[in-house]
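Undergrad: Quick one: structure below, then a few questions.
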Amino acid sequence: MKNTNIPLTISETQEGLLKKRFSATELVDAYLGKINKAKDLNAYITVCEDEAYKKAGEVDRLISDNLPFILENFPLLGVGIGHKDLFLTKGIRTTAASKVLEGFIPVYSATVVARMEKAGGITLGKTNCDAWAHGASGENSDFGPTKNPWDGKFVPGGSSSGSAASVAAGLSLVATGTDTGGSIRQPANFCGVVGLKPTYGAVSRYGIVAMASSLDSVGNFGKSVADTETVFNVTRGEDGRDSTVKNTEFVKPRAKMKIGIPKEYFVEGVDKEVAESVIAASKVFEKAGIELTQVSLPHTKYAMSVYYIVQPAEVSSNLGRYDGIRYGNPRADFGAEAKRRIMLGTYVLSAGYYDAFYLKAQKVRSMLIKDFEDVFDKVDAVLAPVSPTPAFELGEKTANPLKMYLADIFTAPANLAGIPGLALPSGFNKEGLPLGFQLLGPRFSEPVLFELGKLYEKETDYKIVLPNL
Ligand code: GLN
């Protein structure tokens, strides 16, 4: 199999495997060849060839045994996966892209990793990201920045930079990520792939390096809505190891649906082509029979302030465990961004400042939650830009953390409210960089977002294309 012929969706991959057009071992050969050729992108921190071949051998045996109901039992049969290097993988180095964990080999796997492997998925490697998931560009990795596969001068977005880039460049079929303030949706948007941030508490965080525990959401990237849905269905639900995860009834799509467009997401500073592409997407929904209406999320302007108080507060607490005794290297190995967040977080939690910053932020957070609740009384989903701009240039924002933080302005509100978001690609701007939009829904409305996402793909006959590397 040539590495240019790797199928682009789960169903095409599985059809090829079951019709014996190629074996899982040949598929792994092709992926590893492609990963090696695209080394410049720096999408992976660790490639696990031995484990991938071993798993491919198991998949090939399952297929030659002609098991009945094989896809029902193994919905990710032969699916090549990149795991964000925040997900613990038993026996495979897990660094969180930080020097602190450079030599850390976990003794168990995250629930999500274990479930995907049990479903027949093949782990190809660990993808690069901003260290500890702190960032919006991938440039905070201690293992060097990842590049945008569409143009190497640009960032792929972050923090799940390598996961988005690997899916976009065809170096994995799907990839995992975490989204604490946008880290799945924004890189998906910058790289032109589909990214799902599930409802807070829908997918277990067990075995995933924690960033900010009241915001962390575990999701995935794929080349179609159907693929992200398949991965979501394999990974979601109780595991008995994350007390926020309960098996819950999901919101079902209604026959006649309504989408709201929030006026606060079309303000000054939003790139013209970005705004136009979101409006163009709204027209596609309208033509397909969805009612559009303008809505208001009045406290959106406070979201960044709230996020950059609550999030560092929780970061400063979570990073306390890396004391240089239990895991790897000393605290001096933390990079500048982690140190900045530890200091900010410690400050807003300290006696005398707690009430003025942390407590106040929690109160405003409740108002942001209420904004979404009010809107979802009227509409099934909200349609909005993911980021105010398309991918920016490497180095453009590194000297100015505040500017970098503002990239999260349209993504962080969903994390503060615990609601799901689905980022979809919709084409390219004049410079050839991906454009797209996000759909947000009430808690546990993933089926609604999938239905709307698939409707968009169907109406536009949207087919993912890969960059020429
Ligand atoms: N860009 C955001 C931040 O730097 C989001 C991070 C994330 O979602 N992990 O905090």
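Taken together, the values in this text are just the output of simple stated rules run on the coordinates, not laboratory data. Keep in mind that this is a model prediction, so the values were computed, not measured. Quick reminder, even Gly has a Cβ in these numbers, built from the backbone with ideal geometry, and neighbours come from all protein chains shown.
Undergrad: Rank these for me by crowding, Asp179, Asp323, Asp461, going from fewest to most other beta carbons within 10 Å.
TA: Numbers: Asp179 33, Asp323 10, Asp461 6.
With the fewest neighbours first, Asp179, Asp323, Asp461 line up as Asp461, Asp323, Asp179.
Undergrad: Near Leu469, within a Cβ-to-Cβ distance under 15 Å, what is the net charge of the other residues, with Lys and Arg +1 and Asp and Glu -1? Can you show the working numbers first?
TA: Working: positive: Lys2, Lys34, Lys37, Lys39, Lys147, Lys153; negative: Asp40, Asp151.
Neighbour charge sum, excluding Leu469 itself: +4.
Undergrad: Now a separate question. In terms of modelled amide H atoms, which long-range or inter-chain residues lie less than 5 Å from the amide H of Gly80?
TA: Answer set, sorted by chain and number: Ile122, Leu173, Val174.
Undergrad: Within straight cross-link reach of Lys147, meaning Cα distance under 13 Å, which aspartates and glutamates are found once same-chain residues fewer than 8 apart are removed?
TA: Asp40, Asp130, Glu139, Glu393
Undergrad: Here is a further query. Could you tell me what fraction of 2.2 N^0.38 Å the Cα radius of gyration of the range 226-323 comes to, as a two-decimal ratio? Intermediate values should be presented prior to the final figure.
TA: Details: Rg = 19.3 Å, N = 98, 2.2 N^0.38 = 12.6 Å.
Against the compact-globule rule of thumb, the ratio is 1.54.
Undergrad: How much length would be gained if the chain were fully extended between Tyr347 and Ile105, taking 0.36 nm per residue of separation minus their Cα-Cα distance, in nm to one decimal? The partial results should precede the final answer.
TA: On the way: separation 242, 0.36 × 242 = 87.12 nm, distance 3.27 nm.
Difference between extended and current length: 83.9 nm.
Undergrad: Then there is this: Note the full-extension length gain between Arg93 and Glu15 as 0.36 nm times their separation in residues minus their Cα-Cα distance, in nm to one decimal. All intermediate terms of the calculation are to be shown ahead of the outcome.
TA: Details: separation 78, 0.36 × 78 = 28.08 nm, distance 3.24 nm.
Here the segment from Arg93 to Glu15 would lengthen by 24.8 nm.
Undergrad: Loop-only check: which trypsin sites (Lys or Arg not before Pro) in the range 365-400 are DSSP coil with at most 16 other Cβ within 10 angstrom?
TA: Values: sites: Arg365, Lys370, Lys378, Lys397; in loops: Lys378, Lys397.
Those satisfying the criteria are Lys378.
Undergrad: How do Arg326, Arg205 line up, fewest other C-beta atoms within 10 Å first? Each step should come with its number before you reach the end.
TA: On the way: Arg326 7, Arg205 24.
Going from least to most buried by this count: Arg326, Arg205.
Undergrad: Around Asp323, with a cut-off of 14 angstrom between Cβ atoms, what is the net charge of the other residues, counting Lys and Arg +1 and Asp and Glu -1? Spell out each step's value before the answer.
TA: Values: positive: Arg321, Arg326, Arg331; negative: Asp333.
Net charge around Asp323: +2.
Undergrad: Give the residue from Ser305, Val315, Ile325 lying farthest towards the positive end of the charge dipole for the range 285-326; charges sit on Cβ (+1 for Lys and Arg, -1 for Asp and Glu) and the dipole is referred to the Cα centre.
TA: Comparing the listed Cα positions along the dipole, Ile325 ranks first.
Undergrad: For the range 415-469, how big is the tail of P(r) above 15 Å, as a whole percent of Cα pairs?
TA: On the way: 836 of 1485 pairs.
Above the 15 Å cut-off, the range 415-469 has 56 percent of its Cα pairs.
Undergrad: Hey, another quick one. Counting alpha carbon pairs within less than 8 Å and at least 6 residues apart, what relative contact order, in whole percent, applies to the chain? Don't jump to the answer; show the numbers that get you there.
TA: Numbers: 1089 pairs, mean separation 81.1, N = 469.
Worked out over the chain, it gives 17 percent.
Undergrad: Going by how many other Cβ atoms sit within 10 Å of their own, how do Phe334, Phe190 line up, fewest first? If you can, show how the numbers build up before the last one.
TA: Working: Phe334 21, Phe190 35.
Ranking Phe334, Phe190 by Cβ neighbours within 10 Å, fewest first, gives Phe334, Phe190.
Undergrad: Please report the spacing between the Cα centers of the range 393-447 and the range 306-369 in Å, no decimals.
TA: Spelled out, the Cα-based centre of one part sits 22 Å from the other.
Undergrad: Going by average Cβ density within 10 Å per residue, which order do the peptides 409-416, 247-254 take, highest to lowest?
TA: Details: 409-416: 27.0, 247-254: 12.5.
Listed from highest to lowest mean packing, they are 409-416, 247-254.
Undergrad: Just tell me which aspartates and glutamates come within less than 16 Å, Cα to Cα, of Lys39; anything on the same chain fewer than 8 places away is out.
TA: Excluding near neighbours in sequence, the set is Asp29, Glu49, Asp151.
Undergrad: Find the Rg to Rh ratio for the range 1-97, where Rh is the Kirkwood radius over alpha-carbon pairs and Rg uses the same atoms. Could you put the intermediate results ahead of the total?
TA: Details: Rg = 14.1 Å, Rh = 14.4 Å.
Over the Cα atoms of the range 1-97, Rg/Rh equals 0.98.
Undergrad: Multiply the residue separation of Asn247 and Lys153 by 0.36 nm, subtract the distance between their alpha-carbon atoms, and state the gained length in nm to one decimal.
TA: Numbers: separation 94, 0.36 × 94 = 33.84 nm, distance 4.35 nm.
Roughly 29.5 nm would be gained on extension.
Undergrad: Suppose every K and R has +1 on its Cβ and every D and E has -1 on its Cβ; what is the size of the dipole of the range 379-469 about the Cα centre, in Debye to the nearest 20?
TA: Using Cβ point charges on Lys, Arg, Asp and Glu, the range 379-469 gives about 120 debye.
Undergrad: Then there is this: Distance check, please: which entries in Lys118/Lys397; Lys287/Lys378; Lys153/Lys458; Lys2/Lys90 exceed 29 angstrom between their Cα atoms?
TA: Violating the 29 Å Cα-Cα cut-off are Lys118/Lys397; Lys153/Lys458; Lys2/Lys90.
Undergrad: Another one. Show me, bin by bin at 20 Å from 0, the whole-percent P(r) of the chain based on Cα pairs.
TA: Per 20 Å bin, starting at 0, the Cα pair percentages come out as 27, 60, 13, 0.
Undergrad: Within the set Lys20/Lys252; Lys246/Lys301; Lys272/Lys301, which residue pairs have Cα atoms separated by over 29 Å? Numbers along the way, then the final one.
TA: Values: Lys20/Lys252 37 Å; Lys246/Lys301 32 Å; Lys272/Lys301 20 Å.
Cα-Cα > 29 Å for Lys20/Lys252; Lys246/Lys301; rest within.
Undergrad: When we measure straight from the Cα of Lys99, which lysines land under 17 angstrom away, once same-chain ones fewer than 8 places off are left out?
TA: Lys84, Lys126, Lys339
Undergrad: Measuring from centroid to centroid over Cα atoms, what is the spacing of the range 1-50 and the range 90-134 in Å?
TA: The distance from the Cα centre of the range 1-50 to that of the range 90-134 comes to 19 Å.
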